[in-house]
Amino acid sequence: MSSQTNNVVVTLLYNDDSTRNITFDGVAIDDLEAVKAKIQAINANANNEYANFYQTFVSDDGEPVVKVEYCKIIMIEEDVIYSG
């Protein structure tokens, strides 16, 4: 028996040059294709569409997000080799 877990880790860059990693666990395989486009849309913030994102995610000092600086997708596949 095999199982797969998909996690998305994004690194947010803040106005004070600090960063923070946020991990989204258990992302559906069908949603992984849209990750890059969504990050590009968030960083572009056309027509202030993602204003709530920028207001919600602030640094420890209260500084706003500048952009999503980095993202990685981690796919973990596990096989059960013994079930006793």
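The single condition among (1) surrounded by 10 or more Cβ atoms within 10 Å (Cβ to Cβ); (2) part of a loop (DSSP other than H, G, I, E, B) that Gly26 does not meet is (1). Being surrounded by 10 or more Cβ atoms within 10 Å (Cβ to Cβ) and assigned to a helix (DSSP H, G or I) holds for only one residue in Val68, Val35, and it is Val35. The set of residues from the stretch 50-65 being of a type outside the set (A, V, I, L, M, F, W, C), open to solvent by less than 80 Å² (accessible area, probe 1.4 Å) and under 18 Å from the mean Cα position of the chain (by Cα) comprises Tyr50, Tyr54, Ser59, Pro64. Only one entry of Asn43, Asn47, Asn7, Asn15 meets the criterion of being of a type outside the set (Gly, Ala, Ser) and either in contact with a Leu (Cβ under 9 Å, 6 or more places away or on another chain) or surrounded by fewer than 13 Cβ atoms within 10 Å (Cβ to Cβ) (or both), and that entry is Asn47.
Just one of (1) touching a residue at least 24 places away in the same chain (Cβ under 8 Å); (2) open to solvent by 100 Å² or more (accessible area, probe 1.4 Å) fails for Ile81. It is (1).
The values are calculated or read from the model by the stated rules, or taken from the named source; none is laboratory data. What you see is a predicted model; the values in this text were computed from it and never measured. Note that we place each Cβ from the backbone using ideal geometry, even for glycine, and neighbour counts take in every protein chain shown. Note: accessible area is taken over every heavy atom of the protein model, side chains too, but ligands, DNA and RNA are not part of it. Shrake-Rupley method; radii C 1.70, N 1.55, O 1.52, S 1.80 Å.
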